[in-house]
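To keep things clear, I will list the structure first and then write my remarks on it.
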Amino acid sequence: MPGGEDGPPPTRNWVPARLVHLISRVWLWPALLALVLGLYQLGRPELWRDELASWDAASRSTGQLFELLGHTDASSGAYYLFLHGWMALFGDSVVALRVPSVLAMAAAAALTALVTKRMFGDRAAVWAGIVFVLVPAVSRFAQEARSYALTVFAVALATLLLLRALDRSGWLRWVGYALAVSFVGVLNLVALSFLFGHGVVVAVHWWQRRERRILLGFLAATAVGVAMLTPVVIFGLRQAKIQFDIPVPSPGAVFALWPQLFCSILMAGAVIVLAPLALGASRSHAVGGLAMAALPIAVVWVVSHGGTSYWMPRYLTFTLPAWALVAGAGIAALGRVPAVVTLIVLALLGVPDQRALRAPDAHDWWTYPGAPATPSFSYAGVAAIIAQGYRPGDGVVPVRAIDGYYMIDTGLRYYLPAGVEPHDVFAARTGTELGEFFTEDTADPQSALRDVRRLWLARVNQSADPLDNVPPVDPLEGLPSAQQRALRADFTVAQIDHPSDYATVALLERKPAPAPPAPQPATSTPPANASHKHKSRG
């Protein structure tokens, strides 16, 4: 009978022990949530000019890619080489180009939880991992075909390896940390500023334990890691003087940074308010966490006054795991119920920006509430208009002289469907031939138009005010004078479209040849002696 001398029958465990163990992992749920949010509407935003540069570089042969890196963007070379191999396996659709960033951010969410667990415990680890995922910038750069998500992952990995080495110092652990430092550097040289925050973590640890080998291990591993980056540093610093045209940040730029760094002014304010609460959980660890979050930003601000500015909010995305770490620790210090309520509020605060960041043109225009509107350029919209009216033999003029960094020609190469291949009439040498991103225009546009009957002109709208995006009435306005003369002499504008607020597409057709002069009727002349005969008759 049930309940006899042998006791009640054992209950059957329907959940395998390994699954229970996996579900209890603090890193699992943040990673899964990051994966879901990263994949959600992944292909909806158009590629913008930076992503098109990634595709352009990665689609070249390895020889052509190394030639490009010898001229420009050497600091992104590792990412381009990775993407080159990735595209060979998975293609170059918008989704395929962005999936590596989604996976990197999911891994970064897991690492954020693991780092927080070592510093503040399990409960704070879960909160920190979820806070990280809820930051709209995490989804934004998870859906970006650039190296930012991989850099976030690399810095989070380096932080975890540092904490492991501090727990039990050993040369193998410091070698791992040195490799992680190099990994960060080959992805983004600006992100090496994370080492200053790590230096504070090491200093606090040494102050508590007075272990000299900790200091020596950190300094040696950092030196080795940076030394392995020597070629990238040399090329990167040399090219930075040419390719970087970023304004030197004013003191006010620090205040403008936060809504751009978090891609949400509300989320930025909430995280910054929660971060100091971590001091109530563990003062020493909170000091280290706050240093990892804030000190790299201060370092980049100072360095940007030294001749070349690197002050770009997206370059500082790698600090987000540290901000999530201290915010998660601060939430955990509130207690269970207030922590849950706070997390729900954070999720709701980020919803408007999460939705906005998935708009078709969001990667080009996103801005925070209250900031001046930024006009967008729709490459897909321009390509759709050209494809709809295309005829074999058509030419194209992707205007490069007006805001050439928009890379209209590259965008058209990506978005025009197969079989729609208008000839770039003014191109003298392509970017691939030059070992650059930008094409060189011909010096003789008149000759380039000799055999062309129809042209598609695609341009960025430009006016005296860069935010005044009113399309020009005359699509040829502002073009180089030689190109204008050639086009005006032989072509007339037959159609004008504006697929986005910053884009104009015009169809130009060759003027009909002037009609030959009509033949004049022949006039009869009387014989030479006719007048004399007339007179004689009189």
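Evaluated with a Cβ-only charge set (Lys, Arg +1; Asp, Glu -1), the stretch 381-494 carries a dipole of roughly 380 debye about its Cα centre, given to the nearest 20. A cut-off of 5 Å between modelled amide H atoms, ignoring neighbours fewer than 5 places along the same chain, links Ser500 with Ser378. Calculated mean residue ellipticity at 222 nm for the chain: -18000 deg cm²/dmol, from DSSP H runs with n ≥ 4 weighted as -39500 (n - 2.57), summed, divided by the residue count and rounded to 500.
Close amide-amide hydrogen proximity is noted between Ala428 and Glu440, Asp441, Thr442, each under 5 Å apart and 5 or more residues distant or on a separate chain (H modeled in the peptide plane; Pro and chain starts excluded). The slack between Thr492 and Leu28, meaning 0.36 nm per residue of separation minus the straight C-alpha distance, is 160.9 nm.
Projecting the Cα atoms of Gly91, Ala281, Trp29 onto the charge dipole of the chain (Cβ charges, centred on the Cα centre) puts Ala281 farthest toward the positive pole. On full extension, the segment bounded by Ser93 and Ser169 gains 22.9 nm, given 0.36 nm per residue less the C-alpha separation. Here the 3J(HN,Hα) profile of the stretch 259-274, calculated from phi with Karplus coefficients 6.51, -1.76 and 1.60 at θ = phi - 60°, is x, 7, 5, 8, 6, 5, 5, 6, 5, 4, x, 5, 5, 5, 5, 6 Hz, Gly and Pro shown as x. Rounded to the nearest 0.05, what FRET efficiency is calculated for Arg118 and Leu434 with R0 set to 45 Å and r the Cβ-Cβ distance? Result of the calculation: an efficiency of 0.35. Using a simple spin-label model with pseudo-atoms 7 Å out from Cα toward Cβ, Ala482 and Phe196 lie 4.7 nm apart. The simple spin-label model puts a point 7 Å past each Cα toward its Cβ; for Ser61 and Ile234 those points are separated by 2.7 nm. Computed from Cα atoms, the angle from the helix 148-167 axis to the main principal axis of the chain rounds to 20 degrees.
The magnitude of the dipole of the chain, with charges of +1 and -1 set on the Cβ of Lys/Arg and Asp/Glu and taken from the Cα centre, is near 620 debye.
Positive end of the dipole of the stretch 26-362 (Cβ unit charges, origin at the Cα centre): among Ala58, Gln143, Leu257, the Cα lying farthest that way belongs to Leu257. Counting only alpha carbon atoms, the long axis of helix 230-243 and the longest principal axis of the chain meet at about 40°. Relative to the longest principal axis of the chain, what angle (0 to 90°, nearest 10) does the C-alpha long axis of helix 212-227 take? The angle comes out near 20 degrees. Ellipsoid semi-axes for the stretch 26-362, based on the Cα gyration tensor and the rule √(5λ), read 29, 25, 19 Å when sorted largest first.
Skipping prolines and chain starts, which residues have an amide H placed within reach, meaning under 5 Å, of the one on Val396, given they are 5 or more residues away or on another chain? The answer is His423, Asp424, Val425, Trp456.
The distance between label points at Arg212 and Ala443 comes to 6.8 nm (points 7 Å beyond Cα on the Cα→Cβ vector).
Quick check on the chain: of the DSSP beta bridges with both residues there, what percent are antiparallel, nearest 5%?
Close to 75 percent.
The stretch 405-465 and the stretch 192-235 have Cα centres lying 48 Å from one another. The share of Cα pairs per 10 Å bin across the stretch 379-510, counted from zero up to the longest distance, runs 13, 47, 36, 4 percent. Residue by residue, the stretch 41-56 carries 3J(HN,Hα) couplings of 6, 4, x, 6, x, 5, 4, 10, 4, 5, 5, 5, 5, 4, 5, 4 Hz when phi is fed to the Karplus relation 6.51 cos²θ - 1.76 cosθ + 1.60 (θ = phi - 60°); x denotes Gly or Pro.
Give me the number: length gained by fully extending His84 to Val226, i.e. 0.36 nm times residue separation minus the C-alpha to C-alpha distance, one decimal in nm. In short, 48.6 nm is gained. Which residues in the stretch 291-322 place their backbone N less than 16 Å from a point set 7 Å from the Cα of Ala253 along the Cα-to-Cβ direction? Label zone hits: 296-317. Taking θ as phi - 60° and the Karplus parameters 6.51, -1.76 and 1.60, the scalar couplings of the stretch 284-290 work out to 5, 5, 5, 4, x, x, 5 Hz in sequence order, x denoting glycine and proline.
Where a number appears in this text, it was derived from the coordinates with a stated rule and is not lab data. This one's a predicted model, so the numbers in the text were calculated from it and none came from an experiment. Please note: Cβ atoms are built from the backbone with ideal geometry, for glycine as well, and neighbour counts cover all protein chains shown.
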